[in-house]
Amino acid sequence: MSEGAAKKEEKPRKFQAIRGTRDLLPPETALWNRVEQTADEVFSTFGFGEIRVPIFESTDLFARSIGAETDVVSKEMYTFGGFAEFSARVREGRVEGMLSEMSPEEMISLRPEATASVCRAYIEHNMQQLPQPVKLYYMGPMFRRERPQKGRYRQFYQIGAEVLGGSDAPAIDAEVIEMVMTFFDRLELQGAQLDINSIGDRNCRPKYVELLRAELLKVRDNPATAGRLGPDTLRRIETNPLRVLDSKLESEQAIIAKLPRIADHLCEECAAHYAAVKHQLEMRGVIYRENWRLVRGLDYYMRTTFEITAQGLGSQNAVCGGGRYDGLVELLGGPPTKGIGFAIGEDRLILSLQESGKAPTQQGRDVYIAWMGERAHATAIRAAKDLRKAGFSVELPPVEQKFGKALGQADKLGAKYALILGDNEVSEGLWTLKTLADGSQAKFTEPDLLEHLRKQKAGGL
Ligand code: HAM
């Protein structure tokens, strides 16, 4: 091989973010920050405090909470071998079939959602001893191995909240929903549409599910209709008939429309609870649409379920999903505990805000300091320090530039003002401030300049 060919092969590999993950860059990150800050503000006015839970947990925690048969757990989790067993087997050379034989307690998974973790934390920290209910919110990345597309990623971000303990008063369901809608309102999210449903409880849901299965079996076993059911539905008739109601498959829609509806099969308590949730929403002026097909994809739900869609998102238009999950804490070894919550898909929320023109365009600067000369440099450094301390964003070029070039650069960065510091300015103690929008110039002493900029900022600069 010639020397040239060898050099070619050494060309460094160019890495790219893994499929389904992405970098979030400025100026978009400013919008992410605004959204998260608004969540902090709105949720704390409802008495919620922030919880931060780990990015990975025991696989078993998710399997038990979300349900082993759900898509999330059975197909979409990023799961790793437990390291104690893993390293022991590697040391002893027993690696064949290792991954499939690992015991479930030894496996860990990247969190596909955070409700399970929050319930685990509630139990672990004896939060039932605190004044009830405990109101917690969280934000951060979640991981699901789904097919990536617009609004659907493998690492995505959720902002969620959970209310644990206390009663299952319908006012709690309504207030949680009111809180999300208030948050969306504050962000001026366009076309937010709230759908609600009740999926019953341990008393009434099993009977309804059996009825649904029986009806679906009739369709499957009737040669006239059998061909209209897709493979997912055929599987779900056995594993989870409720999820059939979620189907978007065109050929199934007419069949689904004729299936029995859960609202007609709720037990008395669930029916009363659902009616009261709707009444409570009306008292709060929250506009909703009843959607009997809203069943959600995670097993822990009972009674109230809800979803919010927004515009500009195409097929992945659910920006928020949630519901009641009384009994989940108990299922995880804790005391009997009521629970309700939601999670917002932050990526989708941001997309929708961007589509409706709510995104910041460029991270501008307040002041660009155009300096020339050694003495001016020292003054410029001091000026930058004082302006930044007063809360202005300042660009201080690291090397001397001709004034013309500096002003061009200030323009490109979207600066509002250029502060011109040359030998004359420094020796006179009068600094030149140029307003870039109209090209006007004025001279100020150092304290006057700060005062002037402060006034301009207070008046919206
Ligand atoms: P979820 O419906 O699975 O519920 O997810 C909530 C929201 O997260 C969805 O509505 C969607 O906006 C967003 N989301 C889900 N998967 C993806 C993805 N692959 N890419 C982008 N966004 C996604 C939960 O996770 C429950 N833990 C919510 C909850 C909290 N229920 C009670 N408490």
Failed item, numbered, when D326 is tested on (1) surrounded by 15 or more Cβ atoms within 10 Å (Cβ to Cβ); (2) more than 12 Å from the ligand (Cβ to nearest atom); (3) not basic (K, R): (2)
Residues of the range 129-165 satisfying the condition of being assigned to a strand (DSSP E or B), among the small types (G, A, S) and more than 7 Å from the ligand (Cβ to nearest atom): G140, A161
Of all residues in the range 152-169 being out of contact with any Ser or Thr (no Cβ under 8 Å at 6 or more places or on another chain) and not hydrophobic (A, V, I, L, M, F, W, C), the one that is surrounded by the most Cβ atoms within 10 Å (Cβ to Cβ): Q158
Which listed residue is under 30 Å from E162 (Cβ atoms) and within 36 Å of the chain's Cα centre (by Cα), from E395, E330: E330
Filter result for the condition that a residue is among the acidic types (D, E) and closer than 19 Å to G323 by Cα, over E269, E252: E269
Residue pairs meeting the criteria (Cβ under 9 Å; at least 6 apart or on separate chains; first under 27 Å from Y122 (Cα atoms), in the range 340-351; second part of a helix (DSSP H, G or I) and within 7 Å of the ligand (Cβ to nearest atom)): G341/T115; A343/T115
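Residue by residue, here is whether (1) within 13 Å of the ligand (Cβ to nearest atom); (2) closer than 19 Å to M179 by Cβ holds:
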position: D232; (1), (2): no, no
position: L245; (1), (2): no, no
position: L249; (1), (2): no, no
position: E252; (1), (2): no, no
position: E269; (1), (2): no, no
position: I287; (1), (2): no, yes
position: T305; (1), (2): yes, yes
position: N317; (1), (2): yes, no
position: E330; (1), (2): no, no
Residue list for the range 208-237, restricted to those being within 24 Å of S198 (Cα to Cα) and touching a residue at least 24 places away in the same chain (Cβ under 8 Å): Y208, V209, L211, L212, R213, E215, L216, I237
Those residues of the range 294-334 which are outside any loop (DSSP other than H, G, I, E, B) and hydroxyl-bearing (S, T, Y), in sequence order: T304, T305, T309
Residues within the range 359-381 that are loosely packed, with under 14 Cβ neighbours inside 10 Å and touching a helix residue (DSSP H, G or I) at 6+ places or on another chain (Cβ under 9 Å), tallied: 2
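Give L294, L351 a once-over and let me know the one that is closer than 26 Å to S65 by Cα and within 16 Å of the ligand (Cβ to nearest atom).
Matching residue, one of L294, L351: L294.
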Neighbours by Cβ (under 6 Å, 6+ apart or cross-chain): first from the range 262-291, outside any loop (DSSP other than H, G, I, E, B); second of a type in the set (K, R): C270/R303; H273/R303
Long-range neighbours under 8 Å by Cβ, at least six apart or interchain, first residue surrounded by fewer than 12 Cβ atoms within 10 Å (Cβ to Cβ) within the range 415-431, second in a helix (DSSP H, G or I) and at pLDDT 95 or above: none
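The values are calculated or read from the model by the stated rules, or taken from the named source; none is laboratory data. Note that the structure is predicted; figures quoted are calculated from it, not measured. Neighbour counts are summed over all protein chains in view; Cβ atoms, including those assigned to glycine, are modelled from backbone coordinates with ideal geometry.
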